[in-house]
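Written below as structure tokens is the structure these notes are about.
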Amino acid sequence: QVQLVESGGGLVQAGGSLRLSCAASRSIFSINAMGWYRQPPGKQRELVATITSGGATNYADSVKGRFTISRDNAKNTVYLQMNSLKPEDTAVYYCNAKPVYGSNWSYWGQGTQVTVSS
């Protein structure tokens, strides 16, 4: 069991940057994968980026080259650095933890709002 708390969202102009943080209630060292998802207003939740315990990363095509996911095991925290933000990046961003490879269960944070203005 793990609780996740996102922070760092806010309002930013197009072209600007934000850094989201996801603080976990326990060590994330052994968690198979951590990820960020987002849900734009009126749309389905979608994958943004994931990072495995081994450091492998995966990004949605829409954010490649602009977003970077990272993890700091010592701080039990996962980050999402978002650069060159676009209005279409506006969404509620959610942190996700999948402790076991091959399982269909995971934990979710409460979300943090990111709004990108034109």
- Message: Could you work out what % of the accessible surface of region 21-98 is carbon and sulfur, using a 1.4 angstrom probe and leaving DNA, RNA and ligands out of the count?
- Response: 48 percent
- Between residue 73 and residue 104, 0.36 nm times their residue separation minus their Cα-Cα distance comes to what? 8.8 nm
- Message: Using the Cα centre of the chain as the reference point, and only Cβ charges (+1 on K/R, -1 on D/E), how large is the resulting charge dipole? Debye, rounded to the nearest 20.
- Response: 100 debye
- Message: Let me understand region 60-118 better: what is its radius of gyration from the alpha carbons, and its Dmax, in angstrom?
- Response: 13.4, 41
- Note on the structure: Shape descriptors of region 1-52 over alpha-carbon atoms, Rg and Dmax in angstrom, are 13.2, 37
- Does region 27-69 come out rounded, prolate or oblate, given a ≥ b ≥ c as the square roots of the eigenvalues of its C-alpha gyration tensor, rounded meaning a/c under 1.5 and, failing that, prolate meaning a/b above b/c? oblate
- Stretched fully, the stretch from residue 14 through residue 88 gains (0.36 nm per residue minus C-alpha distance, one decimal, in nm) 25.7 nm
- Residue-normalised accessible area of the chain, given per residue in Å² at a 1.4 Å probe: 52 Å²
- Query: How large is ³J(HN,Hα) for each residue in region 29-46, as worked out from phi by the Karplus curve 6.51 cos²θ - 1.76 cosθ + 1.60 (θ = phi - 60°), to whole Hz, x for Gly and Pro?
  - Reply: 4, 8, 6, 4, 8, 10, x, 10, 10, 9, 10, x, x, x, 10, 7, 5, 9
- Task: Could you give the spread of the C-alpha atoms of the chain along their three principal axes, from largest to smallest, in whole angstroms?
- Result: 40, 27, 24
- Item | Residues with amide H under 5 Å from that of residue 76, placed H, sequence gap 5 or more | 28
- Task: Output ³J(HN,Hα) for region 75-90: one whole-Hz value per residue in order, computed from phi by the Karplus curve 6.51 cos²θ - 1.76 cosθ + 1.60 with θ = phi - 60°, and x for Gly and Pro.
- Result: 9, 6, 9, 10, 10, 10, 8, 10, 10, 6, 5, 10, x, 6, 7, 4
- Charge context of residue 23, other residues only, Cβ under 15 angstrom, K/R +1, D/E -1: +2
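The values are calculated or read from the model by the stated rules, or taken from the named source; none is laboratory data. Values in this document were obtained by computation on a predicted structure and should not be read as measured data. For neighbour counting, all protein chains shown are included, and Cβ atoms are generated from backbone atoms with ideal geometry for every residue, glycine included. Only protein heavy atoms, including side chains, enter the accessible area calculation; ligands, DNA and RNA are left aside. Shrake-Rupley method; radii C 1.70, N 1.55, O 1.52, S 1.80 Å.
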